[in-house]
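Chemist: Below is the structure I would like to discuss, written out as C-alpha cells.
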Amino acid sequence: MEVKIIRTEEEYESGCKRIYELMHSGKDQIPINSPEGDELELLAILVEQYEQKHYSVGPPDPIEAIKFQMDQMGLKQKDIAPLFGGKTRVSEVLNRKRPLSLKMIILLNRFLGIPLESLITGKREVYLEKAEQEKVMESSAIREYLNSNPGRLTH
C-alpha cells in the first residue's frame, strides 16, 4: 500500500483497514525496522493525525471526569467527601445541584489526579453581560489579545 497523507474519509477507512490487516497478519509481533513495521508506524501516525483533525474530542465534562476517576480508583462518595466539604456537598456536586468551587477543583487535582483542564471546562454558562463585555473591550490590550486569539470569546 502506498502510504500518503490521509485527506478523505475513504483514505481514512482504507488506512484503518490496512492497520488491522497488518496487526492481524498472523505474526506474533511485527519487527520494528521491517517494511511492515515501518508501514504500520507511518499509517498509525497518519490515522491519528486525521482523527485529531476530524474527530477531535474536547475535555470531558467535569462531573463525568470525577465519576470516571472515582470508578477507576474504586472510590465511593463517602471516600471523597472531605475533598468537597462533606457528604451532602459531594452529593450535590455529583448531582449537578452545586457547582465545583476553586478549592474543590484544586483538591480533586491534588488527591485524585484529575487534570485541571477537565475540571474547569464545561462552564459554558459563565459569560459577561453585554454591557460588562463592552466595558472590558474598552481596554486596547484585551481587545488586541482577543483579536489575535480568535475563538477565545464564544458568547
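Bear in mind that the values in this text are calculations on the coordinates, not laboratory data. A quick note: this is a predicted structure, and the numbers were derived from the prediction, not measured. Glycine also receives a Cβ, built like all others from the backbone with ideal geometry; neighbour counts cover every protein chain displayed.
Chemist: Need one number: nm distance between label points at ILE106 and ILE45, each 7 Å from Cα along Cα→Cβ, rounded to one decimal.
Modeler: Computed distance between label sites ILE106 and ILE45 equals 4.2 nm.
Chemist: Another question, if that's okay. Taking a cut-off of 30 Å between Cα atoms, list the lysines near LYS97, but don't count ones fewer than 8 places away on the same chain.
Modeler: Qualifying lysines at Cα under 30 Å: LYS67, LYS76, LYS78, LYS87, LYS123, LYS130.
Chemist: Given R₀ = 22 Å, what would the calculated FRET efficiency be for GLN52 paired with LEU75, taking r from the Cβ atoms and rounding to 0.05? Could you put the intermediate results ahead of the total?
Modeler: On the way: r = 31 Å, r/R0 = 1.42.
FRET efficiency, GLN52 to LEU75: 0.10.
Chemist: Return the single residue from MET137, MET104, MET70 with maximal mean-square fluctuation; model: Gaussian network over the chain, springs between Cα atoms under 10 Å.
Modeler: MET137
Chemist: If you don't mind, another one. Report the net charge of residues surrounding GLN69, where surrounding means a beta-carbon distance below 13 angstrom and charges are Lys +1, Arg +1, Asp -1, Glu -1.
Modeler: Local charge sum for GLN69: -1.
Chemist: Taking only DSSP H segments of four or more residues, each worth -39500 (n - 2.57), what value at 222 nm results for the chain once the sum is divided by all its residues, to the nearest 500 deg cm²/dmol? Could you put the intermediate results ahead of the total?
Modeler: Numbers: 9 runs with 96 residues, N = 155.
Computed ellipticity for the chain at 222 nm equals -18500 deg cm²/dmol.
Chemist: Taking the chain as a Gaussian network, Cα atoms linked when under 10 Å apart, which of ILE105, ILE19, ILE66 shows the biggest mean-square fluctuation?
Modeler: Result for the chain, Cα springs under 10 Å: ILE19 fluctuates most.
Chemist: Count neighbours as other Cβ atoms within 10 Å of each site's Cβ, and list the trypsin sites (Lys or Arg not before Pro) in the stretch 1-91 that are DSSP loop with at most 12 such neighbours.
Modeler: Details: sites: LYS4, ARG7, LYS17, ARG18, LYS27, LYS53, LYS67, LYS76, LYS78, LYS87, ARG89; in loops: LYS4, ARG7, LYS27, LYS76.
Here the trypsin sites (Lys or Arg not before Pro) that fit, given the DSSP loop and packing criteria, are LYS4, ARG7, LYS27, LYS76.
Chemist: Label GLU11 and ASN147 with points 7 Å out from Cα along Cα→Cβ: what is the distance between them in nm?
Modeler: The two pseudo-label positions are separated by 3.7 nm.
Chemist: For the stretch 55-111, which chymotrypsin sites (Phe, Trp or Tyr not before Pro) are in a loop by DSSP, counting at most 10 other Cβ atoms within 10 Å? Write down the numbers at each step before the final one.
Modeler: Details: sites: TYR55, PHE68, PHE84, PHE111; in loops: TYR55.
Here the chymotrypsin sites (Phe, Trp or Tyr not before Pro) that fit, given the DSSP loop and packing criteria, are TYR55.
Chemist: Using a 10 Å cut-off around each Cβ, can you sort ASP28, ASP71, ASP38 from fewest to most neighbouring Cβ atoms? It would help to have the intermediate numbers written out before the result.
Modeler: Details: ASP28 4, ASP71 9, ASP38 14.
Ordered by Cβ neighbours within 10 Å, fewest first: ASP28, ASP71, ASP38.
Chemist: In the Gaussian network model of the chain, springs joining C-alpha atoms below 10 Å, which of PRO35, PRO82, PRO59 carries the largest mean-square fluctuation?
Modeler: PRO35
Chemist: Run the reach check for LYS53 against aspartates and glutamates, Cα to Cα strictly under 19 Å, same-chain hits fewer than 8 apart removed. What comes back?
Modeler: Here the aspartates and glutamates satisfying the reach criterion relative to LYS53 are GLU9, GLU10, GLU11, GLU13, GLU41.
Chemist: Can you list the GluC sites (Glu not before Pro) in the stretch 46-140 that are in a DSSP coil and have 13 or fewer other beta carbons within 10 angstrom? Can you show the working numbers first?
Modeler: Numbers: sites: GLU48, GLU51, GLU64, GLU92, GLU117, GLU125, GLU129, GLU132, GLU134, GLU138; in loops: GLU125, GLU129, GLU138.
Hits after loop and neighbour filter: GLU125, GLU129, GLU138.
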